[in-house]
1. For log10 I(q)/I(0) by the Debye sum over Cα atoms at q = 0.10, 0.17 Å⁻¹, the listed values are [x] -0.53, -0.92; [y] -0.50, -0.83; [z] -0.42, -0.87; which was obtained by calculation from the structure presented?
2. When the Karplus curve 6.51 cos²θ - 1.76 cosθ + 1.60 is applied with θ = phi - 60°, which whole-Hz ³J(HN,Hα) does each residue of region 72-79 get, with x for Gly and Pro?
3. Would you mind calculating the gained length between residue 60 and residue 3 on full extension (0.36 nm times residue separation, minus the Cα-Cα distance), in nm to one decimal?
4. Quick one: 89, 39, fewest Cβ neighbours within 10 Å first, how do they rank?
5. Quick check on the exposure proxy: order 55, 2, 23 from fewest to most C-beta atoms within 10 angstrom.
6. Once phi is turned into θ = phi - 60°, what whole-Hz ³J(HN,Hα) does the Karplus curve with 6.51, -1.76 and 1.60 give for every residue of region 28-36, x standing for Gly and Pro?
7. For residue 24 and residue 69 in the same chain, what is the full-extension length gain: residue separation times 0.36 nm, less their Cα-Cα distance, in nm?
8. Within straight cross-link reach of residue 29, meaning Cα distance under 23 Å, which lysines are found once same-chain residues fewer than 8 apart are removed?
Amino acid sequence: MSADNWAICPQCKLNDDKIYEKSVLDVGKAYGTVTPEEFLEMVENTKKRQELPTSFREDYDIGVTEEGTFIVNYRGHCRECDCGFDYKFEQRIPLK
């Protein structure tokens, strides 16, 4: 069965943002303590931010049953970091 969507995982993105922020701080701390060549290389490496994979699998359905129940099912899980979220909603449609 295939997924309804593959997205960038919000937890992986947050983790990557923290790593990037640390690398920027490390470049700032290195200023004046490393050779100009090393510093420029660190700056260039910081600019080369990796593209995050679409590792967050999303499966969902939305619809109405024959008995008159409106249903929303959502499941999203990352295959890299095990982040996940499940949501289910059901509500009876007022029938006359």
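No value in this document is a laboratory result; all are computed from the given coordinates. This structure is a prediction, so every number in the text was calculated from the model and none was measured. Here Cβ is always computed from backbone atoms with ideal geometry, including for glycine, and neighbour counts include all displayed protein chains.
1. The calculated read-out lines up with [y].
2. 10, 10, 9, 9, x, 9, 8, 7
3. My answer for the length gained is 19.7 nm.
4. So the ranking, lowest neighbour count to highest, is 89, 39.
5. 2, 23, 55
6. These are the phi-based 3J(HN,Hα) values: x, 5, 6, 4, x, 10, 10, 5, x Hz.
7. This chain segment gains 11.0 nm when fully extended.
8. Result set, ordered by chain and number: 18, 47, 48.
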